[in-house]
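Student: This is the structure I want to talk about, given as structure tokens.
The values are calculated or read from the model by the stated rules, or taken from the named source; none is laboratory data. Here the structure is a predicted model, which means the values were calculated and not measured. We place every Cβ from the backbone using ideal geometry, glycine too, and count neighbours over all the protein chains shown.
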Amino acid sequence: MKVLIVGATGRVAGYVIRNLTDAGHFVYAAARKPDSFQIDRSSVEVVPFDLHWSKARMMETVKRADAVYFLAGSRGKDLLQTDAFGAVQLMQAAEEAGVKRFIILSSIFAMEPDKWSQEESLKNITNYNIAKFFADEWLVHNTDLDYTIIQPSVLKETEGTGRIEINPEHDGSNPIPDVARVLSDVLEMKNTYKKVIKMRTGDTEIASALKAV
Ligand SMILES: NC(=O)c1ccc[n+]([C@@H]2O[C@H](COP(=O)([O-])OP(=O)(O)OC[C@H]3O[C@@H](n4cnc5c(N)ncnc54)[C@H](OP(=O)(O)O)[C@@H]3O)[C@@H](O)[C@H]2O)c1
């Protein structure tokens, strides 16, 4: 498949790009500053892209792909325009371009506001969760895309365990390589279409956990 990755310079995206190209896919790595982003892979084309762009401008790039990943985020600095509305406009661009497969990296319990004051790791990031809430809700209720929403726990820069727990009761953490593995593997798994997948590190091998979704 030809896959567009928005947020290609990010920590998670780096692993996802490697996984997807290893699996034989071609990646359009979308970056705000394409000239300063280099990746040592032949099946990757770095393309300019900004989530502040209009939907029409986004579509010019989106229409080249068979699937779209939203792996971007503003680290709390631009929640409305990047994490919320940027995501929504990307969904709309995909839909209008006829690109049905859409995978978004969200955050655990983003669609469950009651949890935001209960889970220790979520207590100080309410504005972030609100932005993700609107993006995720939009995707589920206002599009006809074949979406998968991946909602990991706290991201850790540690080696992957290869094992997860899906839809846990409480927050936890996830090594970034494990989150990237899940994001990459769901691409062609039809049983993950129209699903919201909450996750933290657990005991089940990623492949088995995803098959059971
Ligand atoms: N941190 C956690 O514990 C945690 C937990 C659960 C979920 N998440 C989610 O996971 C996401 C990815 O994490 P990460 O660590 O890989 O993020 P990251 O390293 O901060 O990468 C964010 C990416 O978003 C891009 N970006 C920012 N604003 C943009 C815009 N206006 N247009 C286009 N691209 C833009 C950045 O591009 P530039 O290089 O141009 O800045 C960068 O590529 C986070 O954003 C968050 O939503 C995080």
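To keep it simple, each residue is scored yes or no on (1) under 19 Å from Val140 (Cβ atoms); (2) out of contact with any Pro (no Cβ under 9 Å at 6 or more places or on another chain); (3) not small (Gly, Ala, Ser).
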residue: Ala30; (1), (2), (3): no, no, no
residue: Pro34; (1), (2), (3): no, no, yes
residue: Asp66; (1), (2), (3): no, yes, yes
residue: Thr82; (1), (2), (3): no, yes, yes
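Student: All but one of (1) away from the ligand (no atom under 11 Å from the Cβ); (2) in contact with a Lys or Arg (Cβ under 7 Å, 6 or more places away or on another chain) hold for Arg181; which doesn't?
Tutor: (2)
Yes or no, residue by residue, for (1) touching a residue at least 40 places away in the same chain (Cβ under 8 Å); (2) over 25 Å from Pro113 (Cβ atoms); (3) touching an Asp or Glu at 6+ places or on another chain (Cβ under 6 Å); (4) among the β-branched types (Val, Ile, Thr):
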position: Ala180; (1), (2), (3), (4): yes, yes, no, no
position: Leu187; (1), (2), (3), (4): yes, yes, no, no
position: Lys195; (1), (2), (3), (4): yes, no, no, no
position: Gly202; (1), (2), (3), (4): no, no, yes, no
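Student: Okay, next question. Return the residue satisfying two criteria in turn: it lies in the range 156-173 and is near the ligand (Cβ under 10 Å from one of its atoms) and of a type outside the set (S, T, N, Q), and of such residues it is surrounded by the most Cβ atoms within 10 Å (Cβ to Cβ). Talk me through it step by step, then tell me what you get.
Tutor: Going through the range 156-173, the residues near the ligand (Cβ under 10 Å from one of its atoms) turn out to be 156-157, 171, 173.
Cutting the leftovers down to of a type outside the set (S, T, N, Q) gives us 156-157, 171.
Working: Lys156: 16, Glu157: 8, Asp171: 19.
The selected residue is Asp171.
Student: Can you tell me which residue is nearest to Leu183 (Cα to Cα) among those in the range 78-98 that are charged (D, E, K, R) and more than 11 Å from the ligand (Cβ to nearest atom)?
Tutor: Out of the qualifying residues, it is Glu95.
Student: On the basis of being over 16 Å from the mean Cα position of the chain (by Cα) and either surrounded by 14 or more Cβ atoms within 10 Å (Cβ to Cβ) or under 26 Å from Leu79 (Cα atoms) (or both), does Ile176 make the cut?
Tutor: No.
Student: Applying the selection to the range 30-52, what residues are among the acidic types (Asp, Glu) and surrounded by 13 or more Cβ atoms within 10 Å (Cβ to Cβ)?
Tutor: Across the range 30-52, the qualifying residues are Glu45, Asp50.
Student: Take the residues in the range 59-72 that are among the hydrophobic types (A, V, I, L, M, F, W, C) and touching a residue at least 40 places away in the same chain (Cβ under 8 Å), then tell me which one is farthest from the ligand (Cβ to nearest atom).
Tutor: Top of the filtered list is Ala67.
Student: Among Arg101, Arg75, which is charged (D, E, K, R), within 15 Å of the ligand (Cβ to nearest atom) and at pLDDT 95 or above? Let's see the steps before the verdict.
Tutor: Working: Arg101 fails: within 15 Å of the ligand (Cβ to nearest atom).
Exactly one of Arg101, Arg75 is charged (D, E, K, R), within 15 Å of the ligand (Cβ to nearest atom) and at pLDDT 95 or above, namely Arg75.
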